[in-house]
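Report on one structure; see the data block that follows.
The values are calculated or read from the model by the stated rules, or taken from the named source; none is laboratory data. All of these numbers come straight from a predicted model, not from anything done at the bench. As a convention, Cβ positions derive from the backbone with ideal geometry for all residues, glycine included, and neighbour counts pool all protein chains shown.
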Amino acid sequence: MKLNMYSINDSKAESFLPPFFMQSDSIARRTFGDCCNDVNHAFCKHPEDYTIFKLGEFDDSTCKVDLLATPFSLGLGTEYVVGGES
């Protein structure tokens, strides 16, 4: 199965969090949005500091990783806050 690879950029720390894998951009967006709206999660406390990026694809049957030439932004945390920007 091919899985998409994502990472969250923390602009204040000037670094990316370890990559994670999801079946689709929609699921990754939903998961990031859930974190941005969870009052117990760091993303919710400062959603303007976090951006989700798609990095590429991982094939678990061949162990092949295909990275995008440039990470692709799926949006800033504030765009995912319920009642926030759209």
Test: residue in the range 70-78 that is modelled with pLDDT of 95 or more, hydroxyl-bearing (Ser, Thr, Tyr) and surrounded by 17 or more Cβ atoms within 10 Å (Cβ to Cβ): no
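Does the range 7-27 hold any residues that are closer than 13 Å to TYR50 by Cβ and either in contact with a Ser or Thr (Cβ under 9 Å, 6 or more places away or on another chain) or not basic (Lys, Arg) (or both), and which are they?
Correct list: SER7, ILE8, ASN9, ASP10, SER11, ALA13, GLU14, SER15, PHE16, LEU17.
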Residue match in the range 31-42 (condition: out of contact with any Ser or Thr (no Cβ under 6 Å at 6 or more places or on another chain) and under 18 Å from LEU67 (Cβ atoms)): no
Counted residues, the range 43-62 - those being within 10 Å of TYR80 (Cβ to Cβ), touching a Ser or Thr at 6+ places or on another chain (Cβ under 8 Å) and outside any strand (DSSP E or B): 1
